[in-house]
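Colleague: Below are the structure tokens for one structure; questions will follow.
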Amino acid sequence: MQPEMALFKTFEPVWGDEMLQDDSANLRQWQRYIEQEIGFVLPDVQLQWLTNAIDHTATLNGLNIHQLWCQLPKNSEIRQQLLDKVLIHESRFFRHKPSIDFVTRYAIDKCADDRSKPFRIWSVGCASGQEAWSLAMSLAAEQLSYYAILGTDVSEQAITNAKLAQYDNRQKFLIPEQCQQFVFPVATKNANYRLKGTDTTDKTEAYINTHVDWQVASDLRPHVNFALHNVIEQKPPTSHLQNVIICQNMLLYFRKFDQRDILARLSEQCALEGYIILAPGEALFWRPSNMRRIAHPQVNVWQKISA
């Protein structure tokens, strides 16, 4: 708590309505704030993205930049709005198919040997849910039904979109033929989807504005859940140990010491003989005593060998 208060006391924005890039020192303070809150280190090439996020959040709430800064430590709603606009929500179905195939084969073998408890998968940094739904489609296509997938992200807007499970045709074309059976047209193509239970009197965006063409089959929904979770927090999003934890293309936004801490916590949530799957080439420095790297030509996968 002390570092946070010190940061807010020492930083006084001076640019008013000027573009943020005109005062690089102030913008660096905003970079540090984002890193402090969620661990993300925004590269310089994304500073314009940060500038736009700050400006849009201030405008949405009728504030100037200085007022926005002063609101962040005491207004969690505005803080979440800023984080939602800063974070990158890009993902796609079957983004890395070799990883999906690896998990599917493991699930088939695991479920054949043990049907006493569900096969559990945690998709870390799930963005708008494409990875979680890809996994569900792949497992269901193999006639597996006793599984539970959890997708988590620090962005509330991304989690809302993941729960809606509605996407455009660009995403549909990425889905393999055997999984197209889980794609259904939306009942009504409308750019505005009311969020269940949203209070329209507040300044949050009551509607998710997006063009959608299809939705994930309802049969898959009982198997997939989504939750808001900050991966740098000590507390895990669930008490269940996971057979597979997938954390791809997210660690690169964290400093190396944060990556080590995140991976250590993920390994604690991984069941014995379970797997952690990272993006190819990611965190190759990791040398945990309780995990061993599996020799695989396409998948960066680690197996838990001891508690």
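Colleague: For SER306 and ALA227 in one chain, what is 0.36 nm times their gap in residues minus the Cα-Cα distance, to one decimal in nm? Can you show the working numbers first?
Modeller: Values: separation 79, 0.36 × 79 = 28.44 nm, distance 2.81 nm.
Extra length available between SER306 and ALA227 comes to 25.6 nm.
Colleague: Work out the FRET efficiency for VAL45 and ASP168 from their Cβ-Cβ distance, taking R0 = 22 Å, and round it to the nearest 0.05.
Modeller: Efficiency for this residue pair is about 0.25.
Colleague: Quick check for me: using +1 on Lys/Arg Cβ and -1 on Asp/Glu Cβ, what's the dipole size of the range 237-298 about its Cα centre, in debye to the nearest 20?
Modeller: 200 debye
Colleague: While we're on this one: If r is the Cβ-Cβ distance from LEU60 to ARG255 and R0 is 25 Å, what FRET efficiency results, to the nearest 0.05?
Modeller: Working: r = 30 Å, r/R0 = 1.21.
Efficiency computed from Cβ-Cβ geometry: 0.25.
Colleague: Putting +1 on Lys and Arg Cβ atoms and -1 on Asp and Glu Cβ atoms, find which of ALA58, LEU87, LEU47 reaches farthest to the positive end of the dipole of the range 23-91.
Modeller: ALA58
Colleague: Sticking with this structure for a sec: Between GLU268 and ARG28, what is the label-to-label distance in nm when each label sits 7 Å out along the Cα-to-Cβ direction?
Modeller: In this crude spin-label approximation the distance works out to 3.4 nm.
Colleague: Could you please rank LEU63, LEU42, LEU68, placing first whichever residue has the fewest other Cβ atoms within 10 Å of its Cβ?
Modeller: LEU63, LEU42, LEU68
Colleague: If we count every other residue with Cβ under 12 angstrom of LEU252's Cβ, Lys/Arg +1 and Asp/Glu -1, where does the sum land?
Modeller: Details: positive: ARG255, LYS256; negative: ASP258, GLU282.
Net local charge, LEU252 excluded: 0.
Only the coordinates and a few stated rules stand behind these numbers; no lab work does. Since the model is a prediction, treat every value here as computed from it, not as a measurement. For neighbour counting, all protein chains shown are included, and Cβ atoms are generated from backbone atoms with ideal geometry for every residue, glycine included.
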